[in-house]
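The structure under discussion appears below in the form of structure tokens.
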Amino acid sequence: MASRKLRTLTALAALLSAVGAMSWGLTALNHFNIVHSLFGKRRLLERIINGLIGLAGAWTVFQLAMPALITGLSARRRGPAVPTERRSILGQRLPTLEGQALSGRHVRLPDDAAGKVALVAMGFAYSARWAVEDWVDAFNNRFAHRKDVTFYEIPMIGGVARLAAPMIETAMRSATPDSLQDHVVTIYGSMGSIREALGVTNESDAWIFLIDPDGTVLFESRGSFDAARLDRLASVAELALSSGQARGGPIVA
């Protein structure tokens, strides 16, 4: 969903930035301005093109700086070290998660998913972002026709990176269709207690939880998207929908 749109936007921005860099380089070396030579007689159009190049450059810098902003800066204020032995939360109620959706709606899980089978896909580091979106896209494609199934994509942002919240949310909002903004919930704050409650051992992974209509965790997994694991998750979801029986899938290391 958002990942494809954002990747396209980033690629276009990089292309415009490259054109701008070449233009400035040729201007410095040979006093030849590509944009001016093409649109010199149309000064307004030339200014618009230069403005777009400037915006593209700013977007490219922002995208390059984002990993350090979210993961590097937040590392300064991380909670206590996470144990290497993972504690499963299968069969337990999902710990309370509260944040604000891109739509502006306050979300409290698992309460707001009551009555539905829900996927909760979480990323604790920027490096987990694409894996989280791949899981969400695949799950949504599988169950989009069901009114009793929903999903939440949750970026976890802590530490100093919280200071950049307006920029981060603006970027995410611009890359997410309006119809999906209720499902992207950003949580800011100390991540130590949440990691501990969920049994998170590696922040670089995507963390996937499937909960039943009462908020009980039926399935958990982590890491990059995998079609075989999605099939197992979907089987658990179908079982919960048809019979209400909870059955957890195996934990994937």
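Worth a mention:
- Across segment 122-129, coupling constants 3J(HN,Hα) worked out from phi with the 6.51/-1.76/1.60 Karplus curve, θ = phi - 60°, read 10, x, 9, 9, 4, 5, 8, 4 Hz, and Gly and Pro carry x.
- For a paramagnetic label modelled on Leu241 (point 7 Å from Cα along Cα→Cβ), amide N atoms under 13 Å away belong, within segment 216-234, to 233-234.
- Signed unit charges on C-beta, dipole axis of segment 97-243, positive-most listed residue Ala175, Ala113, Pro155: Ala175
- Vicinal HN-Hα couplings computed from phi for segment 224-238 (Karplus, 6.51 cos²θ - 1.76 cosθ + 1.60; Hz; Gly/Pro x): 5, 4, 9, 4, 5, 5, 4, 4, 5, 4, 5, 5, 5, 5, 4
- Amide hydrogen neighbours beyond the local backbone of Phe151, cut-off 5 Å, H modeled: Leu119
- With both labels modelled 7 Å from their Cα along Cα-to-Cβ, the Asp182 to Met167 distance reads 3.2 nm.
- Estimated inter-spin distance, Arg86 and Glu98, nm [label 7 Å along Cα→Cβ]: 2.9 nm
- Residue-wise HN-Hα coupling along segment 98-111, computed from phi with Karplus coefficients 6.51, -1.76, 1.60 (Hz; x: Gly, Pro): 10, x, 10, 6, 4, 6, x, 6, 6, 10, 10, 10, x, 4
Here, each number is a calculation from the coordinates, and none is a lab measurement. Everything quoted here is computed from the prediction, not taken from an experiment. All Cβ positions, even for glycine, are placed from backbone atoms using ideal geometry, and neighbour counts span all protein chains on display.
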